[in-house]
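Structure first, then comments.
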Amino acid sequence: MCETCGCSVPDQNHPTPADTHTVEVLRGLMDANDHAAGHNREHFNRTGTLVINLMSSPGSGKTQLLEHTARLVKDRINIAVIEGDLETENDAERLRKQGVRAHQIATGSACHLDAHLVHRALHDFPLEVDGQITDILFIENVGNLVCPAAFDLGQHVNVVLLSTTEGDDKPAKYPVMFRAADLVVISKSDLLPYMDDFKVERAEQALRGLGVETPVLRTAAGRQEDIASWIEWLDGQLTKHRQQQQVA
Amino acid sequence: MHELSVCEALLAQVRATATANGADGVGRITVRLGPLSGVEPDLLAQAFTIARNGPMTAEASLHIETQPIRLRCRDCGNENEAEANRLLCKACGSYRTDLISGDELLLARVELHGVSRHPTNSTDSEQQERPDHV
(Lines give C-alpha, C1' and ligand atoms only; values in the text may rest on other atoms or scores of the structure.)
Protein backbone atom coordinates (compact mmCIF):
# COMPACT_ATOMS: atom_id res chain seq x y z
CA MET A 1 0.00 0.00 0.00
CA CYS A 2 1.14 3.51 -0.68
CA GLU A 3 2.41 5.17 2.50
CA THR A 4 1.77 8.63 1.16
CA CYS A 5 -1.97 8.57 0.78
CA GLY A 6 -3.02 5.01 1.56
CA CYS A 7 -4.12 4.17 -2.01
CA SER A 8 -3.50 0.73 -3.49
CA VAL A 9 -0.78 1.84 -5.95
CA PRO A 10 2.63 0.54 -4.70
CA ASP A 11 4.51 3.32 -2.92
CA GLN A 12 7.43 3.56 -5.36
CA ASN A 13 5.09 3.91 -8.35
CA HIS A 14 2.86 6.52 -6.83
CA PRO A 15 3.02 9.79 -8.70
CA THR A 16 3.77 12.93 -6.73
CA PRO A 17 2.33 16.08 -8.21
CA ALA A 18 4.83 18.65 -9.36
CA ASP A 19 3.53 21.17 -6.84
CA THR A 20 4.45 19.01 -3.84
CA HIS A 21 7.25 20.16 -1.58
CA THR A 22 8.54 18.88 1.71
CA VAL A 23 9.50 21.41 4.36
CA GLU A 24 11.64 20.72 7.43
CA VAL A 25 9.98 21.94 10.60
CA LEU A 26 11.77 20.35 13.60
CA ARG A 27 9.55 21.87 16.22
CA GLY A 28 8.38 20.25 19.44
CA LEU A 29 4.81 19.01 19.32
CA MET A 30 4.26 20.45 22.77
CA ASP A 31 5.44 23.94 21.77
CA ALA A 32 2.00 25.54 22.18
CA ASN A 33 1.56 24.00 25.63
CA ASP A 34 5.14 24.83 26.64
CA HIS A 35 4.66 28.43 25.53
CA ALA A 36 1.54 28.73 27.69
CA ALA A 37 3.42 27.05 30.56
CA GLY A 38 6.18 29.63 30.27
CA HIS A 39 3.56 32.34 30.45
CA ASN A 40 2.09 30.74 33.60
CA ARG A 41 5.57 30.54 35.17
CA GLU A 42 6.14 34.25 34.56
CA HIS A 43 2.81 34.91 36.23
CA PHE A 44 3.82 32.79 39.25
CA ASN A 45 7.19 34.52 39.47
CA ARG A 46 5.59 37.96 39.59
CA THR A 47 4.17 37.13 43.03
CA GLY A 48 7.12 34.89 43.91
CA THR A 49 4.73 31.97 44.41
CA LEU A 50 6.28 28.50 44.54
CA VAL A 51 4.16 26.16 42.41
CA ILE A 52 4.14 22.42 43.03
CA ASN A 53 2.53 19.98 40.61
CA LEU A 54 1.30 16.95 42.55
CA MET A 55 0.85 13.77 40.52
CA SER A 56 0.01 10.14 41.28
CA SER A 57 -2.45 7.34 40.59
CA PRO A 58 -6.02 8.01 41.72
CA GLY A 59 -6.42 7.28 45.41
CA SER A 60 -2.81 7.47 46.54
CA GLY A 61 -3.56 10.27 48.97
CA LYS A 62 -2.79 13.59 47.24
CA THR A 63 -5.80 15.42 48.66
CA GLN A 64 -5.33 13.93 52.11
CA LEU A 65 -1.69 15.01 52.16
CA LEU A 66 -2.76 18.53 51.20
CA GLU A 67 -5.47 18.61 53.90
CA HIS A 68 -2.95 17.75 56.60
CA THR A 69 -0.35 20.08 55.14
CA ALA A 70 -2.89 22.92 55.25
CA ARG A 71 -3.74 22.17 58.86
CA LEU A 72 -0.10 22.24 59.91
CA VAL A 73 1.26 25.22 57.98
CA LYS A 74 -1.59 27.56 57.06
CA ASP A 75 -0.86 29.90 59.98
CA ARG A 76 2.66 30.60 58.75
CA ILE A 77 2.55 29.78 55.01
CA ASN A 78 -0.17 31.12 52.73
CA ILE A 79 -1.16 28.17 50.55
CA ALA A 80 -3.70 27.74 47.77
CA VAL A 81 -4.72 24.73 45.70
CA ILE A 82 -5.87 24.16 42.14
CA GLU A 83 -7.61 20.80 41.89
CA GLY A 84 -7.85 18.81 38.67
CA ASP A 85 -10.49 16.10 38.42
CA LEU A 86 -12.71 14.82 35.65
CA GLU A 87 -15.84 15.74 37.59
CA THR A 88 -17.09 17.12 40.94
CA GLU A 89 -16.03 19.92 43.25
CA ASN A 90 -15.38 17.44 46.10
CA ASP A 91 -11.62 17.82 46.50
CA ALA A 92 -11.73 21.61 46.43
CA GLU A 93 -14.47 21.46 49.09
CA ARG A 94 -12.31 19.24 51.28
CA LEU A 95 -9.51 21.79 51.17
CA ARG A 96 -11.80 24.77 51.74
CA LYS A 97 -12.90 23.05 54.96
CA GLN A 98 -9.27 23.35 56.05
CA GLY A 99 -9.46 27.09 55.49
CA VAL A 100 -7.46 27.00 52.26
CA ARG A 101 -8.37 28.78 49.04
CA ALA A 102 -9.10 26.14 46.43
CA HIS A 103 -10.19 26.20 42.80
CA GLN A 104 -11.55 23.15 41.01
CA ILE A 105 -10.86 22.47 37.35
CA ALA A 106 -13.31 19.87 36.04
CA THR A 107 -11.55 18.45 32.99
CA GLY A 108 -14.59 16.57 31.69
CA SER A 109 -13.10 13.61 29.89
CA ALA A 110 -9.51 14.91 29.74
CA CYS A 111 -7.10 12.70 31.65
CA HIS A 112 -4.59 15.46 32.47
CA LEU A 113 -4.25 19.18 33.13
CA ASP A 114 -2.50 21.28 30.53
CA ALA A 115 -1.00 24.76 30.66
CA HIS A 116 -4.02 26.35 29.00
CA LEU A 117 -6.44 24.91 31.57
CA VAL A 118 -4.26 26.26 34.39
CA HIS A 119 -3.97 29.61 32.65
CA ARG A 120 -7.74 29.88 32.42
CA ALA A 121 -8.11 28.89 36.08
CA LEU A 122 -5.69 31.66 37.08
CA HIS A 123 -8.07 34.25 35.65
CA ASP A 124 -10.64 33.24 38.30
CA PHE A 125 -8.12 32.46 41.00
CA PRO A 126 -5.72 35.31 41.77
CA LEU A 127 -2.46 34.67 43.61
CA GLU A 128 -2.86 37.85 45.60
CA VAL A 129 -6.01 38.42 47.65
CA ASP A 130 -6.46 41.43 49.97
CA GLY A 131 -2.74 42.15 49.81
CA GLN A 132 -1.95 38.56 50.86
CA ILE A 133 0.38 36.80 48.47
CA THR A 134 0.16 33.04 47.96
CA ASP A 135 3.45 31.48 49.10
CA ILE A 136 2.81 28.02 47.72
CA LEU A 137 0.30 27.03 45.04
CA PHE A 138 -0.30 23.29 44.81
CA ILE A 139 -1.70 21.99 41.55
CA GLU A 140 -3.24 18.62 42.26
CA ASN A 141 -3.23 16.98 38.85
CA VAL A 142 -5.74 14.41 37.62
CA GLY A 143 -5.00 11.01 39.19
CA ASN A 144 -3.10 9.30 36.37
CA LEU A 145 0.51 8.11 36.09
CA VAL A 146 0.70 8.47 32.31
CA CYS A 147 -0.66 11.59 30.67
CA PRO A 148 0.07 14.43 33.14
CA ALA A 149 3.81 13.78 32.75
CA ALA A 150 3.77 15.09 29.19
CA PHE A 151 2.31 18.52 30.02
CA ASP A 152 4.31 21.33 31.60
CA LEU A 153 1.93 23.56 33.56
CA GLY A 154 4.46 26.22 34.51
CA GLN A 155 5.19 24.62 37.89
CA HIS A 156 8.57 24.89 39.58
CA VAL A 157 8.57 21.42 41.12
CA ASN A 158 7.01 18.04 40.33
CA VAL A 159 6.08 15.76 43.21
CA VAL A 160 4.94 12.19 42.53
CA LEU A 161 3.17 10.13 45.20
CA LEU A 162 3.46 6.36 45.36
CA SER A 163 1.26 4.79 48.03
CA THR A 164 2.13 1.58 49.82
CA THR A 165 -1.12 -0.01 48.62
CA GLU A 166 0.25 0.10 45.06
CA GLY A 167 3.07 -1.99 43.60
CA ASP A 168 6.62 -1.00 44.56
CA ASP A 169 7.63 -1.50 40.93
CA LYS A 170 5.55 1.46 39.71
CA PRO A 171 8.65 3.55 38.81
CA ALA A 172 9.71 0.78 36.39
CA LYS A 173 6.19 0.57 34.94
CA TYR A 174 5.73 4.33 34.51
CA PRO A 175 9.24 5.59 33.75
CA VAL A 176 8.17 8.84 32.06
CA MET A 177 6.20 9.98 35.10
CA PHE A 178 8.80 9.02 37.69
CA ARG A 179 11.66 10.51 35.66
CA ALA A 180 9.79 13.83 35.75
CA ALA A 181 9.62 13.82 39.57
CA ASP A 182 11.75 16.16 41.69
CA LEU A 183 10.54 14.32 44.78
CA VAL A 184 8.90 10.95 45.26
CA VAL A 185 6.67 10.61 48.31
CA ILE A 186 5.89 7.12 49.61
CA SER A 187 2.44 7.81 51.03
CA LYS A 188 0.33 5.73 53.46
CA SER A 189 3.60 4.52 55.01
CA ASP A 190 1.77 3.69 58.25
CA LEU A 191 0.32 0.73 56.32
CA LEU A 192 3.77 -0.74 55.58
CA PRO A 193 3.52 -3.36 58.37
CA TYR A 194 0.39 -4.74 56.66
CA MET A 195 1.62 -4.52 53.09
CA ASP A 196 3.94 -7.50 52.81
CA ASP A 197 4.51 -6.97 49.10
CA PHE A 198 5.57 -3.34 49.27
CA LYS A 199 9.21 -2.69 50.11
CA VAL A 200 10.39 0.92 50.16
CA GLU A 201 13.89 -0.27 49.19
CA ARG A 202 12.50 -1.97 46.07
CA ALA A 203 10.60 1.19 45.10
CA GLU A 204 13.80 3.21 45.51
CA GLN A 205 15.73 0.67 43.47
CA ALA A 206 13.16 0.86 40.66
CA LEU A 207 13.47 4.65 40.78
CA ARG A 208 17.30 4.52 40.58
CA GLY A 209 16.86 2.24 37.56
CA LEU A 210 15.57 5.32 35.74
CA GLY A 211 18.95 7.01 36.09
CA VAL A 212 17.77 9.69 38.51
CA GLU A 213 18.90 10.88 41.92
CA THR A 214 15.40 11.99 42.98
CA PRO A 215 14.98 12.09 46.77
CA VAL A 216 12.38 9.81 48.37
CA LEU A 217 10.54 10.46 51.61
CA ARG A 218 7.70 8.81 53.50
CA THR A 219 4.44 10.30 54.72
CA ALA A 220 1.51 8.96 56.68
CA ALA A 221 -1.40 11.38 56.43
CA GLY A 222 -3.93 8.82 57.68
CA ARG A 223 -4.53 7.71 61.28
CA GLN A 224 -0.91 7.64 62.41
CA GLU A 225 -0.30 11.06 61.13
CA ASP A 226 3.34 11.76 60.36
CA ILE A 227 4.19 14.16 57.57
CA ALA A 228 7.08 15.92 59.32
CA SER A 229 9.68 15.06 56.66
CA TRP A 230 7.34 16.41 53.95
CA ILE A 231 6.80 19.70 55.81
CA GLU A 232 10.56 19.99 56.29
CA TRP A 233 11.07 19.42 52.55
CA LEU A 234 8.41 22.04 51.75
CA ASP A 235 10.09 24.61 54.01
CA GLY A 236 13.41 23.87 52.32
CA GLN A 237 11.88 24.29 48.85
CA LEU A 238 10.24 27.58 49.80
CA THR A 239 13.52 28.97 51.19
CA LYS A 240 15.39 27.82 48.08
CA HIS A 241 12.73 29.28 45.80
CA ARG A 242 12.85 32.67 47.54
CA GLN A 243 16.64 32.78 47.26
CA GLN A 244 16.44 31.97 43.54
CA GLN A 245 13.78 34.64 43.05
CA GLN A 246 15.98 37.25 44.73
CA VAL A 247 18.94 36.39 42.50
CA ALA A 248 16.79 36.48 39.35
CA MET B 1 -4.96 8.63 26.39
CA HIS B 2 -3.49 12.10 25.84
CA GLU B 3 -2.39 11.18 22.31
CA LEU B 4 -5.47 12.88 20.88
CA SER B 5 -4.45 16.20 22.51
CA VAL B 6 -0.90 15.73 21.23
CA CYS B 7 -2.26 14.93 17.78
CA GLU B 8 -4.41 18.06 17.75
CA ALA B 9 -1.33 20.12 18.66
CA LEU B 10 0.56 18.37 15.85
CA LEU B 11 -2.14 19.17 13.30
CA ALA B 12 -2.35 22.79 14.44
CA GLN B 13 1.39 23.09 13.71
CA VAL B 14 1.04 21.30 10.40
CA ARG B 15 -1.81 23.59 9.30
CA ALA B 16 0.15 26.66 10.39
CA THR B 17 3.14 25.45 8.35
CA ALA B 18 0.92 24.80 5.33
CA THR B 19 -0.72 28.22 5.58
CA ALA B 20 2.63 29.98 6.02
CA ASN B 21 3.84 28.32 2.80
CA GLY B 22 0.68 29.04 0.84
CA ALA B 23 -0.13 25.35 0.43
CA ASP B 24 -3.62 24.03 -0.16
CA GLY B 25 -3.13 20.56 1.23
CA VAL B 26 -0.85 18.30 3.23
CA GLY B 27 0.57 14.89 2.33
CA ARG B 28 3.02 12.96 4.42
CA ILE B 29 3.69 14.24 7.95
CA THR B 30 6.85 12.97 9.64
CA VAL B 31 7.10 12.92 13.42
CA ARG B 32 10.15 11.99 15.49
CA LEU B 33 9.21 10.15 18.66
CA GLY B 34 11.29 8.80 21.56
CA PRO B 35 10.01 6.12 23.97
CA LEU B 36 10.51 8.53 26.90
CA SER B 37 8.31 11.24 25.39
CA GLY B 38 5.29 9.63 27.03
CA VAL B 39 3.53 9.28 23.69
CA GLU B 40 2.72 5.84 22.29
CA PRO B 41 3.31 5.58 18.52
CA ASP B 42 0.35 3.25 17.96
CA LEU B 43 -2.05 5.45 19.90
CA LEU B 44 -0.78 8.56 18.12
CA ALA B 45 -1.36 6.86 14.76
CA GLN B 46 -4.87 5.88 15.86
CA ALA B 47 -5.65 9.39 17.11
CA PHE B 48 -4.34 10.77 13.82
CA THR B 49 -7.02 8.98 11.78
CA ILE B 50 -9.64 10.86 13.82
CA ALA B 51 -7.90 14.22 14.23
CA ARG B 52 -6.81 14.70 10.61
CA ASN B 53 -10.39 15.32 9.50
CA GLY B 54 -10.32 19.05 9.03
CA PRO B 55 -8.99 21.72 6.70
CA MET B 56 -5.95 20.73 4.62
CA THR B 57 -5.11 17.50 6.47
CA ALA B 58 -8.02 15.21 5.53
CA GLU B 59 -5.77 13.37 3.03
CA ALA B 60 -2.62 13.54 5.12
CA SER B 61 -0.68 10.50 6.30
CA LEU B 62 1.44 10.12 9.42
CA HIS B 63 4.92 8.66 9.41
CA ILE B 64 6.54 8.07 12.82
CA GLU B 65 10.32 7.82 13.15
CA THR B 66 11.01 6.13 16.48
CA GLN B 67 14.22 7.24 18.13
CA PRO B 68 16.42 4.97 20.26
CA ILE B 69 17.12 5.73 23.93
CA ARG B 70 20.80 6.66 24.27
CA LEU B 71 22.64 7.55 27.47
CA ARG B 72 25.96 9.06 28.45
CA CYS B 73 27.40 8.02 31.81
CA ARG B 74 28.50 10.87 34.07
CA ASP B 75 30.89 8.55 35.92
CA CYS B 76 32.73 6.69 33.16
CA GLY B 77 31.71 8.63 30.03
CA ASN B 78 30.45 5.54 28.24
CA GLU B 79 27.59 5.94 25.75
CA ASN B 80 25.07 3.18 25.26
CA GLU B 81 21.52 2.35 24.24
CA ALA B 82 19.05 1.53 27.00
CA GLU B 83 15.54 0.37 27.82
CA ALA B 84 12.94 2.91 29.02
CA ASN B 85 12.91 1.61 32.59
CA ARG B 86 16.59 0.65 32.86
CA LEU B 87 18.48 3.88 32.28
CA LEU B 88 21.75 2.72 33.80
CA CYS B 89 25.25 2.74 32.35
CA LYS B 90 25.86 -0.62 30.72
CA ALA B 91 29.62 -0.28 31.26
CA CYS B 92 29.85 0.58 34.96
CA GLY B 93 26.26 0.20 36.22
CA SER B 94 26.02 3.80 37.44
CA TYR B 95 22.61 5.49 37.58
CA ARG B 96 24.25 8.88 37.09
CA THR B 97 23.41 9.02 33.39
CA ASP B 98 22.27 11.75 31.02
CA LEU B 99 19.81 11.17 28.21
CA ILE B 100 21.28 11.95 24.78
CA SER B 101 18.20 10.87 22.86
CA GLY B 102 14.93 9.06 23.46
CA ASP B 103 12.53 11.75 24.69
CA GLU B 104 11.90 13.44 21.31
CA LEU B 105 8.43 14.63 20.41
CA LEU B 106 9.05 16.59 17.23
CA LEU B 107 7.33 17.52 14.02
CA ALA B 108 10.21 16.80 11.64
CA ARG B 109 8.78 17.63 8.19
CA VAL B 110 5.62 18.13 6.25
CA GLU B 111 4.87 17.42 2.61
CA LEU B 112 2.85 20.30 1.20
CA HIS B 113 0.62 20.28 -1.86
CA GLY B 114 -0.21 23.20 -4.10
CA VAL B 115 2.81 25.36 -3.38
CA SER B 116 4.11 25.47 -6.97
CA ARG B 117 4.76 28.90 -8.46
CA HIS B 118 3.01 27.60 -11.59
CA PRO B 119 -0.02 25.91 -10.18
CA THR B 120 -1.92 25.72 -13.50
CA ASN B 121 -0.63 22.47 -15.03
CA SER B 122 -1.36 19.98 -12.29
CA THR B 123 -3.89 17.92 -14.31
CA ASP B 124 -1.39 15.57 -15.99
CA SER B 125 0.69 15.14 -12.84
CA GLU B 126 0.50 11.35 -13.20
CA GLN B 127 3.01 11.65 -16.01
CA GLN B 128 5.54 13.32 -13.75
CA GLU B 129 8.32 11.38 -12.10
CA ARG B 130 8.16 11.02 -8.39
CA PRO B 131 11.01 12.86 -6.70
CA ASP B 132 12.70 11.18 -3.74
CA HIS B 133 11.50 12.05 -0.30
CA VAL B 134 13.74 14.63 1.29
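The values are calculated or read from the model by the stated rules, or taken from the named source; none is laboratory data. Values in this document were obtained by computation on a predicted structure and should not be read as measured data. Reconstructed Cβ throughout: ideal geometry from the backbone, glycine too, with neighbour counts over all protein chains shown. To get the accessible areas, we keep the full protein, side chains included, count just its heavy atoms, and leave off ligands, DNA and RNA. Shrake-Rupley method; radii C 1.70, N 1.55, O 1.52, S 1.80 Å.
May I ask for the net charge around A:Gly154, where only other residues with Cβ less than 10 Å from the Cβ of A:Gly154 are counted and Lys, Arg are +1 while Asp, Glu are -1?
Details: positive: A:Arg41; negative: A:Asp34, A:Glu42, A:Asp152.
It works out to a net charge of -2.
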**Asked** How much of the accessible area of the protein assembly as shown, in percent, comes from carbon and sulfur atoms when a 1.4 Å probe is used?
**Response** 47
**Prompt:** In the stretch B:14-54, which residues give up 10 Å² or more of accessible area once the other protein chains are added, compared with their chain alone (1.4 Å probe)?
**Reply:** B:Thr17, B:Asn21, B:Arg28, B:Arg32, B:Leu36, B:Ser37, B:Gly38
**Item:** Protein heavy-atom accessible area occluded, A/B pair - total, 1.4 Å probe, Å²
**Value:** 3800
**Asked** What FRET efficiency comes out for the pair A:Gln205/A:Thr47, r = Cβ-Cβ distance, R0 = 45 Å, nearest 0.05?
**Response** 0.70
**Message:** Averaging over every viewing direction, what projected area does the convex hull of the Cα atoms of the stretch A:23-153 cover, in nm²?
**Reply:** 8.9
**Prompt:** Residues of B:1-13, mean number of Cβ from any other protein chain within 10 Å of their own Cβ, rounded to a whole number?
**Reply:** 5
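Out of all DSSP beta bridges with both ends in the protein assembly as shown, state the antiparallel percent to the nearest 5.
Bridges in the protein assembly as shown are about 40 percent antiparallel.
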**Message:** Step by step: find N for the stretch A:30-247, compute 2.2 N^0.38 Å, then divide the Cα radius of gyration by it. What's the final number?
**Reply:** 0.97
**Asked** Just by accessible area at a 1.4 angstrom probe, what is the order of B:Met1, A:Met30 from largest to smallest?
**Response** B:Met1, A:Met30
**Fill in**
Result for the stretch A:45-125: accessible area per residue, probe 1.4 angstrom, in square angstrom, of 42
**Request:** With a Förster radius of 35 Å, plug the Cβ-Cβ distance of A:Leu86 and A:Asp169 into 1/(1 + (r/R0)^6) and report the FRET value to the nearest 0.05.
**Result:** 0.85
**Request:** Please quote Rg/Rh for chain B to two decimal places, taking the Kirkwood radius as Rh and restricting both calculations to Cα atoms.
**Result:** 1.13
**Asked** Any idea what angle helix B:3-20 forms with the longest principal axis of chain B, computed on alpha-carbon atoms, 0 to 90 degrees, nearest 10?
**Response** 50
**Asked** What accessible surface, in Å², does a 1.4 Å probe find on A:Ile52, ignoring ligands, DNA and RNA and rounding to the nearest 10?
**Response** 0
**Request:** Obtain the radius of gyration and the Kirkwood radius of the stretch A:191-248 from its C-alpha atoms and give Rg over Rh.
**Result:** 1.11
**Asked** What percent of all Cα-Cα pairs in the protein assembly as shown falls in each 20 Å bin, counting up from 0?
**Response** 25, 49, 22, 4
**Item:** Å² of accessible area per residue within the stretch B:26-86, as computed with a 1.4 Å probe and no ligands counted
**Value:** 49
**Request:** Using R₀ = 35 Å, calculate the FRET efficiency as 1/(1 + (r/R₀)^6) where r is the Cβ-Cβ separation of A:Asp75 and A:His119; round to 0.05.
**Result:** 0.70
